[in-house]
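Okay, structure first, notes after.
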């Protein structure tokens, strides 16, 4: 039986945490994720959970706390944004290489500089190669649902990787929406208890965590991480199916919306999918065969699956809320282009960088993208393949 409620995205994540009742939370405030540990600390103060809340002096220390706790056999969580995630940079790699399934709620926000506290994906995307599973939410319901699925994915024996549960700062984190919650007992049964195979406090099997990786073993350790990320894909699919059987809300690696006969399509991540969905419906009403693919799982990247979803389109726009300064587009664009090349599926492709620092993405902006795709089909050319959307002044040209 579901519980109907109205919650912000941050409240939804904190509520999910309360239902799971992790062992340790290491926390340091940073906008717009501050509300998550703030709300959760109230649950602790009210005696609703048994979590050990450790208020530290920095985000670096917050993740260090989680690493120590998880290595000792405890279930550990944290939350951060933007420069906080950047300050965790060293520890992100320590956590993943040590195979510690920490759960981090990342409320995505632009990276300084210039100083900006609004949404884009530059923080999480800059951590894309740190060895963490990354799952993104479109809305508050998905933020809650994704968090409940995070630990069953990350803690599987064949995975054992840290996981980043991402949502868009302010757009979902501070906006209140209707949401369906599961009952506490249902959540506890679904998530289960954390039962690590090896941990520091296991008396009959002493071990080291995070040892020096000499040349003779370092590459093998990295290969083991890579294989764990491969295994994570199946874990995500199976957990999404199990969660759907429980809640009626099924999750995969991405959502393909009206893609069955689409001739042009847009690929994006996060809350912009709601805007794109409205635009696609409007264009369909005009007789235009438009479609959308919303990427939910960025790590592991669903390259083969996305290529299959896009194999019938004539032109595709890949939307990046992150500038990678590669002179060829953003990280999602590079991943999708590579996936299509490897699959010998070659629609015309335009990579847009958009929404930086909280710049609005309206239905009319999305329609502009689809108009550009139609022009590319008519001209049989996607050039320039690297464009910016919604900014004042000119655009990069001739690329």
Check your understanding: Cα axis of helix 215-247 to longest principal axis of the chain: angle in degrees, 0 to 90, nearest 10?
Key -> 80 degrees
Practice item. Would you mind giving the three semi-axes, in whole Å and largest first, of the ellipsoid equivalent to the stretch 3-247 according to its Cα gyration tensor? Key: 26, 21, 18
Check your understanding: Most mobile of 327, 78, 275 per a Gaussian network model of the chain (Cα springs, under 10 Å)?
Key -> 327
Check your understanding: Over the stretch 130-180, what is the relative contact order in whole percent, taking alpha-carbon pairs under 8 Å and six or more residues apart?
Key -> 48 percent
Exercise for review: Could you check the simple spin-label distance between residue 186 and residue 230, using points 7 Å along Cα→Cβ, in nm with one decimal?
Suggested key: 3.7 nm
Point to revise | Angle between the chain longest axis and helix 140-154 axis [Cα atoms, degrees, rounded to 10] | key: 60 degrees
Practice item. May I ask you to derive the FRET efficiency for residue 261 and residue 57 from their Cβ-Cβ distance with R0 = 51 Å, giving the value to the nearest 0.05? Key: 0.35
Check your understanding: What does the highest-first list of 345-351, 121-127, 378-384 look like by mean Cβ count within 10 Å?
Key -> 121-127, 345-351, 378-384
Check your understanding: Give me the log10 of I(q) over I(0) for the stretch 254-389 at q = 0.16, 0.17, 0.20 Å⁻¹, as the Debye formula computes it from C-alpha points; what are the numbers?
Key -> -0.73, -0.83, -1.22
Practice item. Please report the Cα spread of the stretch 190-231 along all three principal axes, rounded to whole Å, starting with the longest. Key: 37, 29, 12
Revision key, fill the gap. The distance between the Cα centres of the stretch 1-70 and the stretch 186-238, in whole Å, is 23 Å
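Let's test the formula: R0 of 35 Å, r as the Cβ-Cβ distance of residue 45 and residue 341. What FRET efficiency results, to the nearest 0.05?
Working: r = 54 Å, r/R0 = 1.53.
Calculated value: 0.05.
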Practice item. Have a look at 272, 33, 157 and tell me which one the Gaussian network model of the chain (Cα, springs below 10 Å) gives the largest fluctuation. Key: 157
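Arranged from highest to lowest average of other beta-carbon atoms within 10 Å per residue, in what order do the peptides 280-292, 211-223, 240-252 appear? Spell out each step's value before the answer.
Working: 280-292: 17.5, 211-223: 10.0, 240-252: 15.1.
Result, highest mean Cβ count within 10 Å first: 280-292, 240-252, 211-223.
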Practice item. Return 111, 148 ranked ascending by Cβ neighbour count within 10 Å, so the fewest neighbours appear first. Key: 111, 148
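With the contact rule set at Cα under 8 Å and sequence spacing of 6 or more, what percent relative contact order holds for the stretch 5-67? Write out the running numbers ahead of the final one.
Working: 69 pairs, mean separation 25.4, N = 63.
It comes to 40 percent, rounded to a whole number.
Relative contact order (percent) for the chain, with alpha-carbon contacts under 8 angstrom and 6 or more residues of separation?
Details: 841 pairs, mean separation 59.8, N = 399.
Relative contact order, the chain: 15 percent.
Can you tell me how much longer the chain between residue 311 and residue 378 gets when fully stretched, taken as 0.36 nm per residue apart minus their C-alpha distance, in nm with one decimal? Mind showing how you got there, number by number?
Working: separation 67, 0.36 × 67 = 24.12 nm, distance 1.86 nm.
Net length gain for the segment: 22.3 nm.
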Review point. 222 nm [θ] for the chain, helices only, -39500 (n - 2.57) per DSSP H run of 4+, per residue, to 500?
Key: -13000 deg cm²/dmol
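A short reminder: the numbers here are calculations on the coordinates, not readings from a lab. Treat the numbers as computed from the prediction; the structure is a model and nothing was measured. Neighbour counts run over all protein chains shown; Cβ positions are idealised from the backbone, glycine included.
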